[in-house]
1. If you take the square roots of the eigenvalues of the alpha-carbon gyration tensor of the range 24-66 and sort them as a ≥ b ≥ c, do you get rounded (a/c under 1.5), prolate (a/b over b/c) or oblate?
2. Note down the relative contact order for the chain as a percent, whole number, built from C-alpha pairs under 8 angstrom at least six residues apart.
3. Measuring from label point to label point, each 7 Å out along Cα→Cβ, what is the Met1 to Asn71 span in nm?
4. How far is it, in nm, from the label point at Glu34 to the one at Asn60 when both lie 7 Å from their Cα along the line to the Cβ?
5. Which semi-axes, in whole Å and largest first, does the equivalent ellipsoid of the chain have when worked out from the alpha carbon gyration tensor as the square roots of 5 times its eigenvalues?
6. Which of the listed residues, Ile95, Asn71, Ile8, is farthest toward the dipole's positive end in the range 2-102, when Lys, Arg count +1 and Asp, Glu count -1 at the beta-carbon?
7. List the residues whose amide H sits under 5 Å from the amide H of Asn76, counting only those 5 or more places along or on another chain, with H placed 1.01 Å from N in the peptide plane.
8. Which lysines, if any, have their Cα less than 20 Å from the Cα of Lys66, not counting same-chain residues under 8 positions apart?
Amino acid sequence: MKVRRERIFDDSYSQLQQLSSNEEWKRKFVVEFEDEEGIDEGGLLKEWFSCMSQEIFNENLALFIKSASGNTYYPNPKSTVQPNYLDLFTAVGKIVGKALWEQ
């Protein structure tokens, strides 16, 4: 998977949408950051998971909002501003599942 840091969620989402089976999700992901040198021997994948987790909770994506205490997040009732919000939530679930699978 080749992604741009400044568009990591969008790039990743569009590439992950092309995976059609659970078997493809179970394969080891190889991540490459555009215009950066590096060989993914696990470190880049971990960095990708870290960056993606930050983007998932990015307020501009409108999928989650912080609770009043600020310690947790919950689904944003206004997530419907995203025309494909259900697909985005599905992708987020798969990404979290993938992170657990890789650990």
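Throughout, read-outs are computed from the coordinates displayed, never taken from laboratory work. For clarity, every value in this text was computed on a predicted model and none was experimentally measured. So basically every Cβ, Gly included, is an ideal-geometry build from the backbone, and we count neighbours across all protein chains shown.
1. Prolate, since a/c reaches 1.5 and a/b exceeds b/c.
2. The normalised contact order for the chain reaches 22 percent.
3. 3.1 nm
4. Result for the modelled spin labels: 1.5 nm.
5. Semi-axes from the Cα gyration tensor: 24, 15, 14 Å.
6. Of the options given, the answer is Asn71.
7. Phe64, Ile65
8. Those lysines meeting the cut-off are Lys78.
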